[in-house]
There are 2 protein chains.
Amino acid sequence: MKIAISGKGGVGKTLLAALLARTFAESGYSVLAIDADPDANLAATLGFPEPEKITPISEMKGLIEERTGARPGEAGGFFKLNPKVDDLPERYALRHNGIRLMVMGQLKRGGTGCYCPENTLLHALLSHLLVARDEVVILDMEAGIEHLGRATASAVDKLIVVVEPWRRAVETAVRIDKLAHDIGLHSTAVVGNKIRSQSEKEFIVSSLPGFEFLGFIPYDQALVAADLAGRSLLDASQQITGEVSNIFHALVSPGRGA
Amino acid sequence: MKIAISGKGGVGKTLLAALLARTFAESGYSVLAIDADPDANLAATLGFPEPEKITPISEMKGLIEERTGARPGEAGGFFKLNPKVDDLPERYALRHNGIRLMVMGQLKRGGTGCYCPENTLLHALLSHLLVARDEVVILDMEAGIEHLGRATASAVDKLIVVVEPWRRAVETAVRIDKLAHDIGLHSTAVVGNKIRSQSEKEFIVSSLPGFEFLGFIPYDQALVAADLAGRSLLDASQQITGEVSNIFHALVSPGRGA
């Protein structure tokens, strides 16, 4: 099963990715988590030791040159459009508490150099991870999903769009759903997050007519307190872990009703 | 004066950019606002009519081909590294309530094509807007600032990093400050946002030792209510506009004390 998690910045994608990864792992699934959002830190949220010392794939210059034939950041050269990546998961995935993790790092853009070689390697690797793996893959990604590409998108079983009760977050969800359709990804579902009241839940439901809803995660001050105190977020709120458990069951047994 | 606003997704960059733009305009400054965050919508927040119909520069394929000599999305061709952009602000900036606005659109990455031509045009335009303009320029941007480049960064008078009381937002602020130093931008300052209590403010201050603080914007349920009801955010909270006014004064008269 392949699950991609997207949504506007700050809505809580990474926490949902981490909680789902742990729930799948505790239920006996083999889980590969992929951090593809350079503004996130899935390793830290999953409790990996020394997450700041993990070198993302995009920073492995020697590897990028070896696989693409081009030195990162140099403009105008030739490079391989289909670099070999199938051995990279076994060589570069990290493991902690039964969860395997790959950190993709920043897709480079603009500036003075041409970063097509490393972007091509990242794209090939992401496609390989989604298309070729037989474990549960949980992908924490940005609001921009168009770089998934049509072939890769068809491997995703569910694109979860996280929203919070805020107009721009809902608008981003609509935009993501449209992008998803454009690349052939038709299984979008919404998770509402940071819900403080029934009226906030109703705002989300009424703003997204026709969408499937997987669940609604409450706002819980206990989570904020744990964060500010530097404690793990994974066990900070029973309300939240309970609702993520419901979302897990809705994903693996969609017929049973949410 | 050139002000760039960055920070983790969802912390409130766009609202601060819009409120600062209006405050400068109401104080008699000529203001150019630049939306350089594809996940934001500065036009909508500033009240521009029909913001969804604005074509961002990155979507103007004919313009990109005319200026760079390359068709967007085609891999491997040659293109101009210094495209002409100096006439674009007058031709493509929009005006509403005394504020001029340019929408940059998405810097493309990954996928199958090489988007270096349009990224190069966007980068040249952003550099031109920051370096050559004599008005107040307010740039709403992503957490990734490294594509500013060294020459452009030196034109920025103040890089405002918005944080909310949340560990990852503070970590992103530290990362942005480091990136800023790497490209020669040494005038970083922090604005705390969505502050619910004195202890949340203290968390931010103690987590960012040595940083300059321009102000702390309170969390105000009135803002959420205005958003869900579809009203403008610019006048939703007197508390918030008052604090942004203080930030404006700290920017234009830094000696007077915040």
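Scanning the stretch A:188-197 for residues that are basic (Lys, Arg) and open to solvent by less than 60 Å² (accessible area, probe 1.4 Å) turns up just one, A:194.
Residue check: residue B:158 meets all listed conditions (1) over 25 Å from residue B:195 (Cβ atoms); (2) more than 14 Å from chain A (Cβ to nearest Cβ); (3) not hydrophobic (A, V, I, L, M, F, W, C) but one, namely (1).
Is it the case, given these coordinates, that residue A:63 is crowded, with 18+ Cβ neighbours inside 10 Å and closer than 22 Å to residue A:136 by Cβ?
For residue A:63, the condition - crowded, with 18+ Cβ neighbours inside 10 Å and closer than 22 Å to residue A:136 by Cβ - is not met.
Criterion applied to A:225, A:180 was being in a helix (DSSP H, G or I) and within 16 Å of the chain's Cα centre (by Cα), and the one residue passing it is A:180.
Rundown of residues vs (1) part of a strand (DSSP E or B); (2) more than 9 Å from chain A (Cβ to nearest Cβ); (3) under 24 Å from residue A:233 (Cα atoms); (4) open to solvent by less than 40 Å² (accessible area, probe 1.4 Å), yes/no style:
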site: B:119; (1), (2), (3), (4): no, no, no, yes
site: B:126; (1), (2), (3), (4): no, no, no, yes
site: B:129; (1), (2), (3), (4): no, yes, no, yes
site: B:162; (1), (2), (3), (4): yes, yes, yes, yes
site: B:176; (1), (2), (3), (4): no, yes, yes, yes
site: B:186; (1), (2), (3), (4): no, yes, no, no
site: B:199; (1), (2), (3), (4): no, no, yes, no
site: B:202; (1), (2), (3), (4): no, yes, yes, no
site: B:205; (1), (2), (3), (4): no, yes, yes, no
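Residues in the stretch B:82-99 that are open to solvent by 50 Å² or more (accessible area, probe 1.4 Å) and either in a loop (DSSP other than H, G, I, E, B) or not basic (Lys, Arg) (or both) were compared, and the one that is modelled with the lowest pLDDT is B:82.
One line per residue, one yes/no per condition, for (1) open to solvent by less than 10 Å² (accessible area, probe 1.4 Å); (2) farther than 27 Å from residue B:177 by Cβ; (3) not in a helix (DSSP H, G or I):
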position	(1), (2), (3)
B:15	no, no, no
B:21	yes, no, no
B:24	yes, no, no
B:37	no, no, yes
B:40	no, no, yes
B:47	no, yes, yes
B:80	no, yes, yes
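The lone criterion from (1) within 10 Å of chain A (Cβ to nearest Cβ); (2) modelled with pLDDT of 85 or more left unmet by residue B:144 is number (2). Quick one: would you say residue A:46 is within 11 Å of the chain's Cα centre (by Cα) and closer than 30 Å to residue B:164 by Cα? In short, no. So in the stretch B:1-13, with the set limited to residues that are more than 10 Å from every other protein chain (Cβ to nearest Cβ) and either touching an Asp or Glu at 6+ places or on another chain (Cβ under 6 Å) or open to solvent by 10 Å² or more (accessible area, probe 1.4 Å) (or both), which one is farthest from residue A:11 (Cα to Cα)? So, considering only residues that are more than 10 Å from every other protein chain (Cβ to nearest Cβ) and either touching an Asp or Glu at 6+ places or on another chain (Cβ under 6 Å) or open to solvent by 10 Å² or more (accessible area, probe 1.4 Å) (or both), the one farthest from residue A:11 (Cα to Cα) is B:1. Kindly indicate the residue of the stretch A:164-174 that is open to solvent by less than 20 Å² (accessible area, probe 1.4 Å) and over 19 Å from residue A:251 (Cβ atoms) and also farthest from the other protein chains (Cβ to nearest Cβ) among those meeting that condition. Applying the filter and picking the extreme gives A:170. When the stretch B:38-73 is limited to residues that are farther than 13 Å from residue A:168 by Cα and within 12 Å of chain A (Cβ to nearest Cβ), the one that is modelled with the highest pLDDT turns out to be B:58. On inspection, residue A:155 does not qualify as outside any strand (DSSP E or B) and over 18 Å from residue A:88 (Cβ atoms).
Summed over the stretch A:49-58, residues that are surrounded by fewer than 15 Cβ atoms within 10 Å (Cβ to Cβ), of a type outside the set (Asp, Glu) and in a loop (DSSP other than H, G, I, E, B) total 2.
The values are calculated or read from the model by the stated rules, or taken from the named source; none is laboratory data. Predicted model, so just to flag it, every value in this text is computed and none were measured. Backbone-built Cβ (ideal geometry, glycine too); neighbour counts: all protein chains shown. The protein model used for the area step is the full one, side chains on, heavy atoms only, and it has no ligands, DNA or RNA in it. Shrake-Rupley method; radii C 1.70, N 1.55, O 1.52, S 1.80 Å.
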